[in-house]
């Protein structure tokens, strides 16, 4: 097949997948014709700290809180998901955290939280701190209806400082948005 015909065929396949309106076939829309985003409950960041350095604990609590807020805001601002308020499930989250070392390791925990909130998806974020220099920021998304993890992503950080945490969250969301632009099913 010559290159021109191949390009036309690929363009036709792309249009067939996206449909006439430029959205995935079968995608639901709201009243205004925009694609209806899946609801996502973003839980609070958890910290897996291999160092357990008492000198950094107070700063870590602030960073975890700020990273959670930033993640929720940026996901919503980029219209990747309809980010829900997860606070109505706070009592359940506290109960589950008292029973599990980490919620991100407990798919059933994400399922329970998702059902209580009526969410389509639940994101469990965590940071693994290997040292003060080497950290990674991780997220996974659990599909409540399908009953399984459908997405995982990790971003490496260098340096345990406010700026490196903020950059990592910003990069994670920006990368997700760019990949969603190329593949409308990315992260879903």
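The values are calculated or read from the model by the stated rules, or taken from the named source; none is laboratory data. These numbers come from a predicted model, not from an experiment. Note that we place each Cβ from the backbone using ideal geometry, even for glycine, and neighbour counts take in every protein chain shown.
In contact (Cβ under 8 Å) with a residue 60 or more places away in the chain and surrounded by fewer than 18 Cβ atoms within 10 Å (Cβ to Cβ): is that true of residue 90 in this structure?
No.
Please tell me if residue 104 is at pLDDT below 95 and either surrounded by 20 or more Cβ atoms within 10 Å (Cβ to Cβ) or outside the structural domain of residue 72 (by TED's automatic domain parsing) (or both).
yes
Out of all the residues in the range 157-165, is one or more assigned to a loop (DSSP other than H, G, I, E, B), under 22 Å from residue 85 (Cβ atoms) and touching a helix residue (DSSP H, G or I) at 6+ places or on another chain (Cβ under 7 Å)?
no
Given 123, 176, which one is touching a residue at least 60 places away in the same chain (Cβ under 8 Å) and not in a strand (DSSP E or B)?
176
Please verify whether the range 28-39 includes one or more residues that are modelled with pLDDT of 95 or more, within 29 Å of residue 105 (Cβ to Cβ) and touching a strand residue (DSSP E or B) at 6+ places or on another chain (Cβ under 8 Å).
yes
Residue check, residue 145 against (1) within 26 Å of residue 112 (Cβ to Cβ); (2) outside any loop (DSSP other than H, G, I, E, B), all met but one. Which one?
Of (1) within 26 Å of residue 112 (Cβ to Cβ); (2) outside any loop (DSSP other than H, G, I, E, B), only one is false for residue 145: (2).
Within the range 149-188, which residues are under 13 Å from the mean Cα position of the chain (by Cα) and at positive phi?
187
In the range 71-89, is there at least one residue being touching a strand residue (DSSP E or B) at 6+ places or on another chain (Cβ under 7 Å) and closer than 19 Å to residue 48 by Cα?
Within the range 71-89, one or more residues are touching a strand residue (DSSP E or B) at 6+ places or on another chain (Cβ under 7 Å) and closer than 19 Å to residue 48 by Cα.
Let me confirm something: among 80, 64, 47, 135, which residue is assigned by TED's automatic domain parsing to the domain that holds residue 170, surrounded by 16 or more Cβ atoms within 10 Å (Cβ to Cβ) and in a loop (DSSP other than H, G, I, E, B)?
Sole residue among the options that is assigned by TED's automatic domain parsing to the domain that holds residue 170, surrounded by 16 or more Cβ atoms within 10 Å (Cβ to Cβ) and in a loop (DSSP other than H, G, I, E, B): 80.
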